[in-house]
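Remarks on the structure that follows.
The values are calculated or read from the model by the stated rules, or taken from the named source; none is laboratory data. A quick note: this is a predicted structure, and the numbers were derived from the prediction, not measured. Please note: Cβ atoms are built from the backbone with ideal geometry, for glycine as well, and neighbour counts cover all protein chains shown. Each accessible area value is taken on the protein alone, full model and side chains, heavy atoms only, with ligands, DNA and RNA left out. Shrake-Rupley method; radii C 1.70, N 1.55, O 1.52, S 1.80 Å.
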Amino acid sequence: MLIMAVTAISAQDDIYSFKVKNDQGKEVSLEQYKGKVLLIVNTATRCGFTPQYKDLEAIYEKYNEQGFEILDFPCNQFGGQAPGTIAEIKEFCSTNYNVKFTQFDKIEVNGENEHPLYTYLKANAENKNNIRWNFTKFLISSDGKILKRFESADKMEDVENAVAHALKTDIS
C-alpha cells in the first residue's frame with residue numbers, strides 16, 4: 001500500500017495538487033502558487049543554520065514582486081531544533097529576522113510521518129536522499145517542476161543566483 005502511495009506521489013507532474021496546513025492549521029492548496037517560482041524550505045529556529053532566515057528574507061524581498069515566493073515548513077525532526085508552536089516560531093522569525101514570507105505549520109520531512117509534499121520533492125529531485133538537516137531547499141519553476149535541491153550548507157549566494165535565473169528563464 002505504501003509503495004502504491006509513493007508511486008502515485010512520484011508520478012505527479014507538479015506540486016500543485018498538494019495540500020498543506022497554513023500557520024492557522026487550515027488546509028490550503030499549493031495550487032494558489034501556480035505561475036510563481038518557489039523556494040520550499042524546511043527550517044528550525046535553534047539551528048546553526050537559523051541565520052539563513054536573514055538571507056532568505058533578503059532574497060524574498062528582492063524577488064517577490066517578480067513572482068517569487070518562499071514556503072517555509074518548520075520541522076522539529078533534527079535535534080529538536082524547532083521547538084514550540086507555529087505561533088511561537090512565527091514570533092521568533094518576525095522579531096529576529098523580520099520574516100515576511102509564508103510560514104506553514106510544522107511538518108515532518110522524513111520517515112513514517114513525512115508530509116506527502118516532501119515524499120514528492122525527494123522522489124523527483126536530482127538528489128533523492130532523505131533530508132539530512134534543517135534548511136534544505138527545493139527550487140521550483142513557475143510550472144511546478146523541481147529545478148534544484150540545495151543542502152543546508154550550500155551558499156546562499158548560489159541559491160539567490162538560481163532564483164534569479166529561474167525568474168529570468170520564466171520571463172523569457
**Asked** Taking the stretch 27-50 as the search range and keeping residues that are farther than 15 Å from residue 151 by Cα and without any contact (Cβ under 8 Å) to a residue 24 or more places away in the chain, which one is surrounded by the fewest Cβ atoms within 10 Å (Cβ to Cβ)?
**Response** 27
**Prompt:** How many residues are open to solvent by 90 Å² or more (accessible area, probe 1.4 Å), outside any loop (DSSP other than H, G, I, E, B) and either of a type in the set (Ser, Thr, Tyr) or in contact with an Asp or Glu (Cβ under 9 Å, 6 or more places away or on another chain) (or both) when one looks only at the stretch 152-172?
**Reply:** 1
**Message:** Please count how many residues of the stretch 106-133 are over 15 Å from residue 148 (Cα atoms) and either of a type in the set (A, V, I, L, M) or at pLDDT below 95 (or both).
**Reply:** 3
**Prompt:** In the stretch 124-151, what count of residues is obtained for those that are assigned to a loop (DSSP other than H, G, I, E, B), buried (at least 16 other Cβ atoms within 10 Å of the Cβ) and touching a helix residue (DSSP H, G or I) at 6+ places or on another chain (Cβ under 8 Å)?
**Reply:** 4
